[in-house]
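Below is one structure, written out as structure tokens; comments come after it.
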Amino acid sequence: MSTVKAITGDVAVAEAMRSIEPDVVGVYPITPQTIIVEAYAEYVARGEVQTEFVPAESEHSAISICVGAAAAGARTMTCTSSQGLALMWEVLPIASGMRLPIVMFDVNRAISAPINIHCDHSDTMGARDTGWLQIYSENAQEAYDNFIQAVRIAEHPDVQLPTMVMMDGFVISHAIQRVEVLDDAVVKKFVGERKADYPLLDIDNPVTWGSFDGLGGWFMEFKKDQMQAIENAKQVSLDVAKEYAKISGREYGLFESYKMDDADYAIIVINSTAGTAKTVVDTLREKGVKAGLIKIRMYRPFPASEIVAALNNCKAVAVMDRVPGYVDIGGPLFEDVQVACYQEGVNIPLVNYIYGLGGRDILTSHIESVYSDLETIAKTGKVASPVNYLGIKE
Amino acid sequence: MIGKELGTNAPNTWCPGCGNFSILNAMKAVLAELSEGAPDLARTVLVAGIGCHGKIADYINVNSFYSIHGRATPAAEGIKIGDPGLRVICHSGDGDAYGEGLEHLIFAAKRNVDMTMIVHDNRVYGLTTGQYTPTSPLGFKGRSTPAGSIESPINPLALMLTSGATFVARGYSHGIENLKDIFRAAIAHPGFSFIDILQVCVTFFNQYEDYTARTYALENHDASDFDAAVKRAREWDYNSTDARIPLGVFYRHDAPVFEVNPADVGHKPAETRAELDKLLAQYR
């Protein structure tokens, strides 16, 4: 039913794509995503998949090809990183506005300038409000599992939205890890066939996509429907996760709670740093410190009330953003958590740490210093500095 | 100043035997010549895009600007328009200039911005380790096209001629004197000078033998004759494996440049304003 392989994150994603076997893939190579493109090109060349594979002239073209193909009724995928996603930006809200369930993998990489090919989350955080669902992954296994589930979530009748799945560039994309790969037939049965509602290729029922809708039209209602669909994705992703657990033995929630039941101090983190942080949690627990961790999986929709409920008994909470916020109220995840707490009427001291920009190393000692800060904050009841930087050169 | 003095301490990361070395050395030599008698290198700006070629900005000690992938051309245009007194030399690659940012190249040529555009055309994505590009031949087996590309290449020279470039040339990375001649002429040309350089990528698409056997210097060619230039540009379509490949300046034509004087095209804002005021005065 499954095979254990020692593969990189990029190859894990390519393996998932091979089993899914989408109808159309439009891509452009960019470090550190390139290996996915190359591996998939190999599968096509060997005849292992019957995908229309288009190595386009730019990412803008790649995602536009996906939009056209998805509107035609095809199951469509792409993958990119950093500037590639930035160049796709114009088309991202077109895909979500047209309710096209394109599934994209983005290998997280910093946005220029200065030019940098290493990991942070500035690419996908810049696209967090484009109407796409966003699912983050700690390691290669999660990247693989999330990518397969994303097809079902995106195409679900209550959702019908494009979805991007992420993992950290190089740290995960290029590191060889243990990955359980499901048999192609099992994955194919799980994802099934895409049934598009209004495909352009249905010549008996002609339709127009993307037509003008100005004043007096239904634009606003359309947007409200999109927001509802994003919200629906919460339950759908949990339902899909239950089904996926049956074929894989691995079940995912909206986020992962690690030793949170009795935690006094918690940090909220995205992607691979969760692995480093869990090690610190374990060490602190041995010393009697009630440390816990929340790792975001589903970031759009944002599980606001669910996260607040998980934090409710904490004395202090740190939110880690691997992206510069460019505002003095902190990074995007910090903003979201603050708003969520305010909305739920929960007043826990919150503190933000910006870390790992452009691939800057994040060490266990950095995470330890965060927990140590949290103990001080809990003791004094004061957050001396709401926004802080970890590992910055002085 | 001699070419050597224009070097930097940045460690060179190109593969041994890379065609970029001769482009670098030719450019340094020509810049050194230009600095003689009139030390104006401070008024020279080197622009580079993303790809192996881009490193050239690290290796020449003049003002330089790294753009993002595909945007070397418009960044260079902006620099020139912002300060027309600058000498702008833009290095780009075939992925950068013909793929990701092709539209910019066409418009820079159409506008006739006075800049030198040097495309390091290795016909493969070298930095991302070997995928096909817009000038890779039909059937090219790269890492994104393991079964062979099913697309025919574009002919950048023919494209630039029809887009309005006023200087069109082709060089070859094996032959530094030939490159220096072209660079001198291109930099001296007032207007958009375009050079496609067959830059051999020894690692992912080594064409040295093939190019050396097939290239020849343009002779008895009238570079002011547009039709003749198009004909010579079409002698090789970047695909055929037996056609001869001409090198040198295909076309040169003087035309007004974009950034100097908008009044040349009849736009006289002060006079228009005066006329309008006179007209409005009748109704006051």
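For the structure I just gave you, tell me whether A:Gly381 is open to solvent by less than 70 Å² (accessible area, probe 1.4 Å), modelled with pLDDT under 95 and either farther than 30 Å from A:Ser112 by Cα or touching a Lys or Arg at 6+ places or on another chain (Cβ under 7 Å) (or both).
Yes: the conditions hold for A:Gly381.
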Among the residues of segment A:95-111, what is the count of those that are open to solvent by less than 10 Å² (accessible area, probe 1.4 Å) and within 17 Å of A:Cys79 (Cβ to Cβ)? 10
Among the residues of segment A:216-265, write down those that are open to solvent by less than 30 Å² (accessible area, probe 1.4 Å) and of a type in the set (S, T, N, Q). A:Gln226, A:Ser237, A:Ser248
State which residue is surrounded by the most Cβ atoms within 10 Å (Cβ to Cβ) when the search covers only segment B:62-106 and only residues that are within 11 Å of chain A (Cβ to nearest Cβ) and small (Gly, Ala, Ser). B:Gly95
Filtered residues of segment A:1-60 (kept if assigned to a helix (DSSP H, G or I), farther than 18 Å from A:Arg75 by Cβ and away from every other protein chain (no Cβ under 14 Å)): A:Gly9, A:Ala12
Restricting to segment A:339-361, count the residues that are farther than 22 Å from A:Val327 by Cβ and either assigned to a loop (DSSP other than H, G, I, E, B) or free of Cβ contacts under 8 Å to residues at least 24 places away in the same chain (or both). 4
Which one of these is modelled with pLDDT of 95 or more, of a type in the set (D, E, K, R) and surrounded by fewer than 23 Cβ atoms within 10 Å (Cβ to Cβ): A:Asp321, A:Asp336? A:Asp336
Do the conditions hold for B:Asp121, that is, is it in contact (Cβ under 8 Å) with a residue 40 or more places away in the chain, under 17 Å from B:Ile197 (Cβ atoms), within 14 Å of another protein chain (Cβ to nearest Cβ) and of a type in the set (D, E, K, R)? no
Applying the selection to segment B:141-172, what residues are touching a residue at least 40 places away in the same chain (Cβ under 8 Å) and within 14 Å of another protein chain (Cβ to nearest Cβ)? B:Gly142, B:Ser152, B:Pro153, B:Ile154, B:Pro156, B:Leu159
Quick one: in segment A:112-125, of everything that is within 14 Å of another protein chain (Cβ to nearest Cβ) and surrounded by fewer than 23 Cβ atoms within 10 Å (Cβ to Cβ), which residue is nearest to A:Phe170 (Cα to Cα)? A:Ile117
Among the helices (runs of 4 or more DSSP H) contained in segment B:130-224, which hold 3 or more residues that are under 21 Å from the mean Cα position of the chain (by Cα)? B:156-163, B:176-188
Would you check which residues across segment B:130-140 are open to solvent by 10 Å² or more (accessible area, probe 1.4 Å) and either more than 14 Å from chain A (Cβ to nearest Cβ) or in contact with an Asp or Glu (Cβ under 8 Å, 6 or more places away or on another chain) (or both) and list them? B:Tyr132, B:Pro134, B:Pro137, B:Leu138
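The values are calculated or read from the model by the stated rules, or taken from the named source; none is laboratory data. The shown structure was predicted, so the numbers you read here are calculated from the model rather than taken from an experiment. FYI the Cβ positions are ideal-geometry reconstructions off the backbone, even for glycines, and counts take in every protein chain you see. Note: areas computed on protein heavy atoms with side chains; ligands, DNA, RNA excluded. Shrake-Rupley method; radii C 1.70, N 1.55, O 1.52, S 1.80 Å.
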